[in-house]
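Sharing a structure with you now.
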Amino acid sequence: MAFGARAKMPVGGLGVSVAAEGEGTVVCLRRDADICTLPAIVRVLAEVTANRTGNVVVDLSETEFIDTAALRSVLRARATLASEGRDLQLRAPSRTTRRALALFGLSGIVSLDPDVLGVAAS
């Protein structure tokens, strides 16, 4: 499925939307990002990395829970983008997610800069 300017896909306990922002793409995950919704997360991130240009932001502002499997899929997408000279960053991760990133030594790997797409945060 190719994404237009904005696409929404409800999948189980997960809501996903994809939108162009600035020179990149925002993937917004809502509700739970876990092993049950992992196939949808992997599919969306793979399609965005393959079919969109520019950097990618994964917006977690509406994510209630994210497990390590979902975080690994985000890190894999980041590695793919990095091999193409692009970047993936997290936007508005919860305090729990930030703690999990720090616990696994990943807080430095995934930048939390809200302006990665060249659009000032409002």
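The values are calculated or read from the model by the stated rules, or taken from the named source; none is laboratory data. In this text, all values refer to a predicted model and were calculated from it rather than measured experimentally. Methodologically, a virtual Cβ is constructed for each residue, glycine included, from the backbone with ideal geometry; neighbour enumeration extends over all protein chains shown.
Only residues that are more than 12 Å from the chain's Cα centre (by Cα), at pLDDT below 90 and assigned to a loop (DSSP other than H, G, I, E, B): list them for region 75-97, please.
Hit for region 75-97 is Ser94, nothing else.
Here are Ala2, Ala100: which of them is at pLDDT below 90, surrounded by fewer than 16 Cβ atoms within 10 Å (Cβ to Cβ) and either of a type outside the set (D, E, K, R) or not in a loop (DSSP other than H, G, I, E, B) (or both)?
Of the residues listed, the single one that is at pLDDT below 90, surrounded by fewer than 16 Cβ atoms within 10 Å (Cβ to Cβ) and either of a type outside the set (D, E, K, R) or not in a loop (DSSP other than H, G, I, E, B) (or both) is Ala2.
Take the residues in region 21-41 that are hydrophobic (A, V, I, L, M, F, W, C) and not in a strand (DSSP E or B), then tell me which one is farthest from Leu88 (Cα to Cα).
Result: Cys36.
If a residue has to be part of a helix (DSSP H, G or I), touching a residue at least 12 places away in the same chain (Cβ under 8 Å) and surrounded by 15 or more Cβ atoms within 10 Å (Cβ to Cβ) to count, how many in region 42-74 make the cut?
11
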